[in-house]
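Since every read-out is calculated from the coordinates, none of them should be taken as a lab result. All of these numbers come straight from a predicted model, not from anything done at the bench.
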Amino acid sequence: MNKKWKIILSTVAAVCFVFIVIAGLYINAIGWNNIKLMVELNKHPQAILAMETEGDYLAKTKHYRELLTERMKSEGWTFLQQEGSGYFFEKNGEQAIITARQVWSRHQVVLRVNNNVVDLSK
């Protein structure tokens, strides 16, 4: 009976250890600050949050296109066209190109503003 309990406890400990290692690798690959942004985004799904890298913003995949065009319109930009994952806007002869790419999971998208001409997180 004593040997059976040792096997059960060591198996549970091994499973816990593997889970902790996998969770640690996941957090390390994504970055702790990005994990915090993902949690914040789950609280406020209609938000676009600024990331650490200048010009990068995090948004929920669902409805990000409409949210992006709304934000740009409120800043005075006019939507020109979309080519693939690139969105083209214009304001006073200046052009802004915003590219979207899915990262980490299917629930988040990173929006990259070329030359950081507009702050999407306002």
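With a Cα cut-off of under 23 Å and a minimum spacing of 8 residues unless on different chains, the lysine pairs in the chain number 13. The long axis of helix 32-43 is offset from the longest Cα principal axis of the chain by roughly 70 degrees.
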